[in-house]
Each structure stands twice: as structure tokens, then as C-alpha cells.
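The values are calculated or read from the model by the stated rules, or taken from the named source; none is laboratory data. Remember, predicted model here, so these are calculated numbers, not experimental data. Please note: Cβ atoms are built from the backbone with ideal geometry, for glycine as well, and neighbour counts cover all protein chains shown.
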Amino acid sequence: MFFKSIKYNLAHIGDFFGRDDRATFWWYVLFLVALQFVASLVWGFVVAARMIGTAVSEAGNAADEVSPPMMQSVADMMMPQLIFSIIMMVAILLLLIASFVRRLHDAGFPGWIALIPAAMVLGNLLTSYLMMDQIRDTLASATSPEEIEAAAFAATSPLQLLLGWGPYLIVLVFGVWPSQKHDNRWGAYVPPAAPQPKVDRPTAHISPEHKDR
């Protein structure tokens, strides 16, 4: 079912008509989550390699001091991190939106609802881009842990939290919504396949005369 769902959704990546049941949708979502995890893991190794190199060169600093080269290194990685996030989120959005529209149709909702989480994702990326210079300058000039916390707080404003978590909540709620168990204007209802009854295979009877031979 997992690979069948992936093949089906990729073949219908631009199909905004019809309807998909919950299993078809969520197996595909699992694939996209795994894809994003692997890409983020690879990117994390790249970032960690740079951080480790800077940390080794600044290993002699006291524990309560913030190394300017270390913070400059962190600040320099903010823009590449944002670019990676934009590419990753836009790719996931393009891969998922048609599937989510069909899942909405299956639950009896209009497909335009998918525009809401899509707009929130794009809005989150836009606000992150607009705040990037401020956060990067704050990190580059940070001389204490308190200033680092202030920069982190600025990056997690209520608006950022809403735009960041809102799309996931919307997809979750409508993604688990039960299918309409009847035909609707987007397509016919296809009931899940019933499990095949177990058929006991007849066992061959061996008579004692044959067993002794």
C-alpha cells in the first residue's frame, strides 16, 4: 500500500480532480515526511561540519563567554538555512497540494481550502526572509547568552508560530476527516476492499499403509 500510494500520487501530481481516501493520502504524506527528514539530515551534517570547525578553533574560551567568530559563523549560515528551507517547503508544497485537494474532495470539502495552508507556508517564508537581516545582525554582534535568547525569541513571534504550525494543523484535521460514504460531485465513493476470507487448504490424508511404504 505504501509504494502503491507513492506511485499513484506522483503520477497524479497535477491532478486536482477526483477524490482520495485517507490511506492513500497519509501513506504519501509519510513518504514526504521521510523525504524531508533525509534532506534535512544531510543539510544538518553540512552545517554541523562548519560549526565544529569554528568551535575547535575557539575551544579555549571560557564556558560563559560567547565567541565572536562562532556567532559570526552562525549568522553567516542563516541565509543558506533560509534558502534551504524555502526550497524544501516549496517542493513539499508542490508535491502535496494536489493530493490534499483530492483528500478534501473525498471528505466533501471544496479544494480551495488547500489554498489556506499554502498561503500560510508562503507567508511564513516571507516573514522569515524579511526578519533575516535583523536576526543575523543580532547574532553576529551577540556577546552574551541573553542576547542570543533575544534573537531566538524574535524569530519565534506569535505570527511566526501561527504561520509555522497552522498549515500542519489544517492538513491534520482535514486529512483525518472521514470519507463521504456516497458519491459526491467530485467522484464516486470507492469502499475499502474487504479482507479476503481465509481459506483452509485441505490436507492430504496419508493412510497407514502408504506411510509404511
Margin query: Looking only at the stretch 135-155, count every residue that is loosely packed, with under 11 Cβ neighbours inside 10 Å and either modelled with pLDDT of 65 or more or among the acidic types (Asp, Glu) (or both) and tell me the total.
Written below: 1
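Test residue 163 against the stated conditions and say whether it is under 24 Å from residue 89 (Cβ atoms) and either modelled with pLDDT of 80 or more or crowded, with 17+ Cβ neighbours inside 10 Å (or both). Outline the logic, then answer.
Numbers: under 24 Å from residue 89 (Cβ atoms): yes; either modelled with pLDDT of 80 or more or crowded, with 17+ Cβ neighbours inside 10 Å (or both): yes.
So residue 163 fits the description; yes.
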Next item on the list: Report the residue count in the stretch 10-26 for those that are crowded, with 18+ Cβ neighbours inside 10 Å and more than 11 Å from residue 103 (Cβ to Cβ).
Entry: 0
Margin query: Among the residues of the stretch 194-201, are any farther than 23 Å from residue 20 by Cβ and at pLDDT 65 or above?
Written below: no
Next item on the list: Would you mind telling me which numbered condition in (1) at negative phi; (2) in contact with a helix residue (DSSP H, G or I) (Cβ under 6 Å, 6 or more places away or on another chain); (3) at pLDDT 90 or above residue 107 fails?
Entry: (2)
